[in-house]
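Asker: One structure coming up, written as structure tokens, with questions to follow.
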Amino acid sequence: METTKPNNPQKCQIDNNRILPRNDDVEVQNDQEFVHDYSNRAQWLRAAVLGANDGLLSTASLIMGVGAVRRDTKTMILTGIAGMVAGACSMAIGEFVSVYSQYDIEVAQLKREQTVRRNGDDNQMEAMKKKLPNPWQAAAASASAFAAGAVVPLLAAGFIREYRVRLGVVVAAVSVALLGFGGVGAVLGRAPLVKSSLRVLIGGWLAMGVTFGLTKLIGSTGI
């Protein structure tokens, strides 16, 4: 029986009349199989994580700020609801305008490239447009994420009458949520888990602390 000779014997091994790839080739192939580009997740991950964090921190900071000068639950809850609605609308409009601008730029670039190639295939153009980000979906995702984050401090403050306990529960609930959001973003983006979570948590503490302290200071002046 004839043995088939490889074109490049340096990269193959012959075993019982069979040509086998070398171990280093197998390792390279296996490494390539496990390599995945997570940058494609960047856009929707950014919108979702930032929207949820903004909703959580903005609403919590508003509740803490009002709580620095007003102790009744109703005022804190109404302030939080107003902040949630206003923030969700703002996030939706901002994301819509931003993504639509990106959409217009990329469509214009596609048209220029099509003109240079002198290719008038409208079906191909429409297929490429479908792959571009959708402004309406981005707006809806951003607003929904903001509202979802805002619900956490509202629920934490809504069922506790004691003022000091209410503030403590809000801080505790928001802290847990911040760690959760930071952890989810780190896992999905393959970033360091502990570092990302702590960064989000410390940033949230600073936002609530500054808002509470400044509001308390301004309120003490009698304004």
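Read-outs throughout are calculated quantities, based only on the coordinates presented, and are distinct from any laboratory measurement. Just so we're clear, the structure is a prediction, and the values are computed from it rather than from any experiment. Neighbour counts run over all protein chains shown; Cβ positions are idealised from the backbone, glycine included.
Asker: What is region 50-218's relative contact order, in percent, from Cα pairs under 8 angstrom and six or more apart in sequence? Walk me through the intermediate numbers first.
Answerer: Details: 210 pairs, mean separation 65.1, N = 169.
Rounded, it is 39 percent for region 50-218.
Asker: What FRET efficiency comes out for the pair Glu162/Cys89, r = Cβ-Cβ distance, R0 = 35 Å, nearest 0.05?
Answerer: It comes out at approximately 0.60.
Asker: Turning to a different aspect of this structure: Lysine pairs in region 50-218 with alpha-carbon atoms under 29 Å apart, 8 or more places apart or on different chains: how many are there?
Answerer: Counting lysine pairs in region 50-218 gives 4.
Asker: Further question: Taking the highest mean first, how do the peptides 156-164, 198-206 order by number of other beta carbon atoms within 10 angstrom per residue?
Answerer: 198-206, 156-164
Asker: Oh, and also: Students often check this: by mean Cβ neighbours within 10 Å, which of 54-61, 68-75, 83-90 ranks highest, and how do the rest follow? Please report the intermediate quantities before stating the final value.
Answerer: Values: 54-61: 25.5, 68-75: 14.4, 83-90: 18.1.
Top to bottom by mean Cβ count within 10 Å: 54-61, 83-90, 68-75.
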